[in-house]
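Below: one structure, written as structure tokens.
The values are calculated or read from the model by the stated rules, or taken from the named source; none is laboratory data. Predicted model, so just to flag it, every value in this text is computed and none were measured. FYI the Cβ positions are ideal-geometry reconstructions off the backbone, even for glycines, and counts take in every protein chain you see. The protein model used for the area step is the full one, side chains on, heavy atoms only, and it has no ligands, DNA or RNA in it. Shrake-Rupley method; radii C 1.70, N 1.55, O 1.52, S 1.80 Å.
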Amino acid sequence: MVATDRVSTIFADARAVHADALRLLAAGDIRDAAEKAWCATKRATDALILARTGTEPEISSDTSIGLAMLSEEDNAISPLVGRYYSRQGQLHGTCFYLGVCRPVAEIERRIRETADYIHDAENLAGVN
């Protein structure tokens, strides 16, 4: 694993963006909270990829491909794949872009559980 200050910085950013998501959720802005939670997920995934490969993804497709490649190399990463795509599809695509944030309880759960995703990505990156 590549231990760099950049990895820690990206994970810190992911946690800060997730905190913004929780703040927006508490204020009743589920659509923007969903997008922030998605962004936090992507940032945590970028940090994991950087820690494992030494290369930081530049665009979203690089993140998706990088995560898939890591999961092929290490089965411990595989559980993140479904969680990543569920956030991409439901939080980013359906809720934020289409404005369909239902069922509300499911969207709120995914927003809150993004903290678990970040934590798991940190563990897999060897940060914790």
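Counting other Cβ atoms within 10 Å of each Cβ, which GluC sites (Glu not before Pro) in segment 25-127 have at most 15 and sit in a DSSP loop?
The qualifying sites are Glu58.
Give the accessible surface of the chain per residue, rounded to a whole number of Å², with probe radius 1.4 Å and ligands, DNA and RNA excluded.
Per-residue accessible area for the chain comes out at 49 Å².
Note down the magnitude of the dipole of segment 20-89 about its Cα centre, charges +1 on Lys and Arg C-beta and -1 on Asp and Glu C-beta and zero elsewhere, to the nearest 20 debye.
Approximately 300 debye in magnitude.
Roughly speaking, what % of Cα-Cα pairs in segment 1-95 are separated by over 17 Å, rounded to a whole number?
Of all Cα-Cα distances in segment 1-95, 50 percent exceed 17 Å.
Taking the Cα atoms only, what angle lies between the long axis of helix 60-73 and the longest principal axis of the chain, rounded to 10 degrees?
50
Ordered by residue, what ³J(HN,Hα) values in Hz, to whole numbers, does segment 78-87 give under the Karplus form 6.51 cos²θ - 1.76 cosθ + 1.60, where θ = phi - 60° and Gly and Pro are x?
Result, ordered by residue: 3, x, 6, 4, x, 5, 4, 5, 5, 6 Hz.
Using helices alone, what [θ] at 222 nm do you get for the chain, with -39,500 (n - 2.57) per DSSP H run of 4 or more residues, divided over all residues and rounded to the nearest 500?
Counting only the DSSP helices, I get -24000 deg cm²/dmol.
When the dipole is taken about the Cα centre of the chain, and only Lys, Arg (+1) and Asp, Glu (-1) are charged at their Cβ, what size is it in debye, to the nearest 20?
400
For Thr55, what accessible area in Å² do you get when you roll a 1.4 Å probe over the heavy atoms of the protein chains, rounding to the nearest 10?
Ignoring ligands and nucleic acids, Thr55 comes out at about 90 Å².
Return the whole-Å distance between the Cα centroid of segment 113-128 and the Cα centroid of segment 25-99.
12
Between Asp20 and Thr4, what length comes free when the chain is fully extended (0.36 nm per residue of separation minus the Cα-Cα distance, one decimal in nm)? Show your work: numbers first, answer last.
Working: separation 16, 0.36 × 16 = 5.76 nm, distance 2.50 nm.
The Asp20-Thr4 span can extend by a further 3.3 nm.
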